[in-house]
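Derivation of every value follows stated rules applied to the coordinates shown; laboratory data play no part. Computed from a predicted model, the values in this text were never measured in an experiment. Quick reminder, even Gly has a Cβ in these numbers, built from the backbone with ideal geometry, and neighbours come from all protein chains shown.
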Amino acid sequence: FPAATSETQERDVQIVQKYLENYYNLKSDGKQVEKQRNRNPVVEKLKQMQKFFGLKVTGKPDAETLQVMEKPRCGVPDVAQFV
Amino acid sequence: LTQGNPRWERTNLTYRIENYTPDMARADVDHAIEKAFQLWSNASPLTFTRVFEGQADIMISFVRGDHRDNSPFDGPGGMLAHAFQPGPGLGGDAHFDEDEMWTNNFRNYNLYRVAAHELGHSLGLSHSTDIGALMYPSYIFSGDVQLSQDDIDGIQAIYGPSQNPTQPTGPQTPQACDSKLTFDAITTIRGEIMFLKDRFYMRTNSFYPEVELNFISIFWPQLPNGLQAAYEVADRDEVRFFKGNKYWAVRGQNVLHGYPKDIYRSFGFPRNVKNIDAAVSAEDTGKTYFFVANKCWRYDEYKRSMDAGYPKMIAEEFPGIGNKVDAVFQKDGFFYFFRGTRQYKLDPRTKRILTLLKANSWFNC
């Protein structure tokens, strides 16, 4: 695959962030209440999403994961309540 | 099921269509919504009555962007719709993003398909990890809209069984590592192997260990469900799919023009052959073997005619693999025959069976 340029990477970060905020309850203000100080909420939520969709659980936004994130879908979150 | 198990306490619910999308005729919108409710009432004790004014349990509307429910839509693509879990006021309501194009056919996005999903939320269901379920989060339109067994189990867990004398059942999504997994057809395609079962394909590739499972219609929406045989003619970059006495040819994701054709005119099968069980083409010889019940035919792809002396009994031509074949493909010069949960690796040159494997041995279970 062509080397990912910084714009591509930046774009991918946006896609991942938005998707996890919308559907996996990632706090957008970065003030994710963490039980353990050193856990990265994005990685945790990304693993949760990969597990839900039967993808390889890596915690990294690989091509298959991004492909799923770019598919049109229902706006209701996969894990949180929608009330 | 949704956290907290929200449900309607009554089973006779009302709905109201508050406004219409300009993308479709009003009657088509009415029909799509009505059919979507019918799917869920057929599988549960719920009934749905349409009202035309005032507050209904389930209010349906087409809106765009921020529509003041704290969950703004995002323009074309992305979020297509959402619906709220059972409850008063906004509870149960379903919103469809007017920035999408709504259709009553294959083109994006089929309103009936999306409404069937959203009403599942209105009744208390959350998303399913089963790609064959209506409640799967991503939009997939496979041509028909039906509750899978997973959807039926979900709605009946909340509201109990249907009052229909015969309980509805739905299709189950194959599980790659189910030891009882069998296949309808298997073919190579451009160096990969594609396993076909019901409405689904499964495929593996070396750089991604997870088995990819999705609807066949993702690639070839024109193909019917329940294919029975498939094989690749590699030097023509063509894959042929068989069902009944018809077959389709594809090149990549394109179904070739003029298909389906019938197997009698194209291959010379006698009229008493009603369908093909399995087929494989030996790349090195251009000979294609067709398996029908306990017999096999051999077709010459270059001469485009059946070889003389066929059909033969499978047990005579390929001793040891039994007298019926579900699926077969060729890889690296070997034939892999599938019958139920068994798989036979065979050297076509010596006609000797080299290994006996489980049908799903290709899936790294």
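For this structure, a couple of remarks:
- Note that chain B shows a convex hull volume over its alpha carbon atoms of 172 Å³ per residue.
- Span per principal axis, largest first, for the Cα atoms of segment B:58-107 (Å): 34, 22, 13
- Counting only DSSP H runs of at least 4 residues, each contributing -39500 (n - 2.57), and dividing by the residue count of chain B, the helix-based mean residue ellipticity at 222 nm comes to -4000 deg cm²/dmol.
- Sites matching GluC sites (Glu not before Pro) across segment B:1-60 that sit in DSSP coil, with at most 16 neighbouring C-beta atoms within 10 Å: B:GLU9, B:GLU18, B:GLU53
- Anisotropy class of segment B:94-204 from Cα gyration tensor, a/c 1.5 cut: oblate
- Estimated dipole of the protein assembly as shown in Debye, rounded to 20 [Cβ of Lys and Arg +1, of Asp and Glu -1, Cα centre]: 1760 debye
- For B:ILE193, residues with placed amide H under 5 Å, excluding near neighbours: B:THR204
- Dipole magnitude of segment B:85-204, debye to nearest 20 (Cβ charges: Lys/Arg +1, Asp/Glu -1, about Cα centre): 460 debye
- Three-way shape label, segment B:314-365, alpha-carbon gyration tensor, a/c 1.5: oblate
- Cα centroid separation - segment B:37-61 against segment B:121-170, whole Å: 16 Å
- Test item: A:48-61 mean partner chain Cβ contacts at 10 Å: 2
- Other protein chain C-beta atoms within 10 Å of residue C-beta, averaged over B:7-16: 0.
- Pairs of Cα atoms nearer than 8 Å and 6+ residues apart set the relative contact order; for chain B it is 11 percent.
- Dipole of the protein assembly as shown, positive direction: furthest Cα of B:TRP102, B:MET59, B:SER142, with charges on the beta-carbon: B:SER142
- Cα gyration tensor, the protein assembly as shown - rounded (a/c under 1.5), prolate or oblate: prolate
- Degrees, to the nearest 10: B:26-42 long Cα axis against longest axis of chain B: 80 degrees
- Loop trypsin sites (Lys or Arg not before Pro), segment B:239-290 (other Cβ atoms within 10 Å of the site Cβ: 15 or fewer; DSSP): B:ARG271, B:LYS274
- Only Lys, Arg, Asp and Glu carry charge here, each on its Cβ (+1 for the first two, -1 for the last two); on that basis chain B has a dipole of about 2040 debye about its Cα centre.
- Inter-chain Cβ neighbour average for residues B:137-143, partner chain, 10 Å: 4
- Entry note: segment B:1-158 has Rg to Rh equal to 0.92, where both radii use alpha-carbon atoms and Rh is the Kirkwood radius.
- Cα-based helix-to-principal-axis angle, B:111-122 vs chain B, degrees rounded to 10: 60 degrees
- Gained length - B:LEU1 relative to B:ASN364, 0.36 nm times residue gap less alpha-carbon distance: 127.6 nm
- Farthest towards the positive end of the charge dipole of segment B:249-340, among the residues B:THR288, B:PRO260, B:PHE334, is the Cα of B:PRO260, using unit charges on the Cβ of Lys, Arg, Asp and Glu.
- Exposure rule at most 10 other beta-carbon atoms within 10 Å, DSSP loop chymotrypsin sites (Phe, Trp or Tyr not before Pro): chain B longest free segment: B:53-206
- Of B:TYR231, B:GLY322, B:LEU119, farthest towards positive along the dipole that unit charges on Lys, Arg, Asp, Glu beta carbons give chain B: B:GLY322
- Phi-based couplings in Hz for segment A:65-78 (Karplus 6.51, -1.76, 1.60; Gly and Pro marked x): 5, 5, 4, 5, 5, 8, 7, x, 7, 6, x, 6, x, 7
- Taking Cβ separations below 4.7 Å as the criterion for a possible disulfide partner, the isolated cysteines in the protein assembly as shown are A:CYS74, B:CYS296.
- Taking 19 Å as the limit for the C-alpha separation, the pairs A:LYS18/A:LYS45; B:LYS312/B:LYS351; A:LYS27/A:LYS56; A:LYS18/A:LYS47; B:LYS246/B:LYS303 exceed it in the case of A:LYS27/A:LYS56; B:LYS246/B:LYS303.
- Alpha-carbon centroid distance for the pair segment B:98-119 / segment B:287-365, whole angstrom: 43 Å
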